Amino acid sequence: MYTWGRKQGCRISLDYTYKGMRVAFMENEVVRVGILLDKGADVFEFTYKPRNLDFMWQSPIPMQRPFVATSALPEGAFHDYFYGGWQEVLPSAGWASEPYMGTYQGLHGEASLLPFEAGVIEDTPDYVALRTRVRLYRSPLTLERTMSLKRDVAALFIGERLVNESAGEFAIMWGHHPAFGEPFVDDSCVVQTPAKKVEVLAFHRNGLWEPGGDYDFPMVKNQRTDELQDITRVLSRETRSVDVVFFKELAEGWYGLTNQNLGVGIGMAWDKDLFKYLWMWQVYGGHDDYPWYGRTYNCALEPFTSYPPAGVKNAIDNGTALIMQPGEVIETELVAVAYEGEGVKRITRDGEVEY
């Protein structure tokens, strides 16, 4: 996965495939990033090289090229192809049984299931950059994403440009869905983020937390014990729970997820005026039906424009949908960064980590 003739500094390659799908690799001295171009330009690998540690979760469902399923699911194909990793969710989050603007957008929308165009736009020892682009099918949207690495910096920088190509307003839910798993995730992990409130979704019969809000961050009622408990502490697989929670009223857009046993973590930073909510999907061994059947232990921390995961029409009704004007262009930047330490005080969009 090396740029031809270069074995040090930043490197990038579009020369690889996996099961017939195009793959891009980017790396520098400290991180390696794998991108599945033919499925959503997903980030399937984010390895911190000094620890040989890949933060990304791998589900029991293998990464595979499109296939014909035994039957079509009402919510669409997202789960059939969800091998783990980091997806971009657009133009809708969750599943809604009712259509928007004359069509169904399916579970987590279109972007994560589509092939992206891709090209290298810069390739030097100090800096590499990959530009990807997709035009959605059921929605009048074009998304362009530029991903870059700098020499000896443990951060993936992302610049995005989203265009509403329609002649009318178009409502969206937009977010990033990075899921983290073993061997990084264990019950020593803790989330840090500058939120004020927490809301719990009524999501699954094995939910641990009492649905509702707004709880004062980070203490939430454990409905098994009736006691308040710190929801930012990752729990063990033996908890046998699964929940979706929302961190709200963010002072800034950033989080850190730190494994305190290992002294290593991963964080993100973003524009909190665009991605106003941070979702946390907690799967502590308790998702015992399709598609996991109790086999999974992971968590995801997801910056989003809107909530909850119940489709665009619901987000319109609760006032959190992002309404794009005719021809509107939104540009934004975010960063994912690996770090060492027992926790963080702040992460900036420049990739700086304050301990």
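Subtract the Cα-Cα distance of Asp273 and Arg151 from 0.36 nm times their separation in residues, and report this length gain in nm to one decimal.
41.0 nm
Please give the per residue accessible area of region 61-181, computed with a probe of 1.4 Å over protein heavy atoms only, in Å².
Here the per-residue accessible area is 41 Å².
Could you tell me the relative contact order of the chain? Use alpha-carbon pairs under 8 Å, at least six residues apart, and round to a whole percent.
Computed value for the chain: 17 percent relative contact order.
Treating cross-link reach as a plain straight distance, find the aspartates and glutamates whose alpha-carbon is under 17 Å from the alpha-carbon of Lys7, omitting any fewer than eight places away in the same chain.
Asp15, Glu27, Glu29, Glu122, Asp123, Asp126, Asp152
Below 28 Å, Cα to Cα, which lysines can Lys276 reach? Residues fewer than 8 away in the same chain don't count.
Lys39, Lys150, Lys196, Lys197, Lys221, Lys248, Lys313, Lys345
I need the phi-derived Karplus couplings for region 233-245: 6.51 cos²θ - 1.76 cosθ + 1.60, θ = phi - 60°, integer Hz, Gly and Pro marked x.
8, 5, 9, 6, 4, 6, 5, 6, 10, 8, 8, 10, 10
Nearest 20 debye, what's the magnitude of the dipole of region 101-241 about its Cα centre given +1 on Lys and Arg Cβ and -1 on Asp and Glu Cβ?
Dipole of region 101-241, to the nearest 20 debye: 260 debye.
Ranked highest first by the average count of other Cβ atoms within 10 Å around their residues, in what order do 205-218, 59-72, 154-167, 263-276 fall?
So the order, starting with the most tightly packed, is 263-276, 154-167, 205-218, 59-72.
Under a Cβ-Cβ cut-off of 15 Å, what is the net charge of the residues other than Lys248 that fall near it, where Lys and Arg count +1 and Asp and Glu count -1?
Result for the local shell: -3.
The values are calculated or read from the model by the stated rules, or taken from the named source; none is laboratory data. Predicted model only: the values in this text are computed from it and were never measured. A quick note on method: Cβ atoms are made from the backbone with ideal geometry, for glycine too, and the neighbour counts reach across all protein chains shown. What goes into the accessible areas is simple: the full protein's heavy atoms, side chains included, and nothing from ligands, DNA or RNA. Shrake-Rupley method; radii C 1.70, N 1.55, O 1.52, S 1.80 Å.
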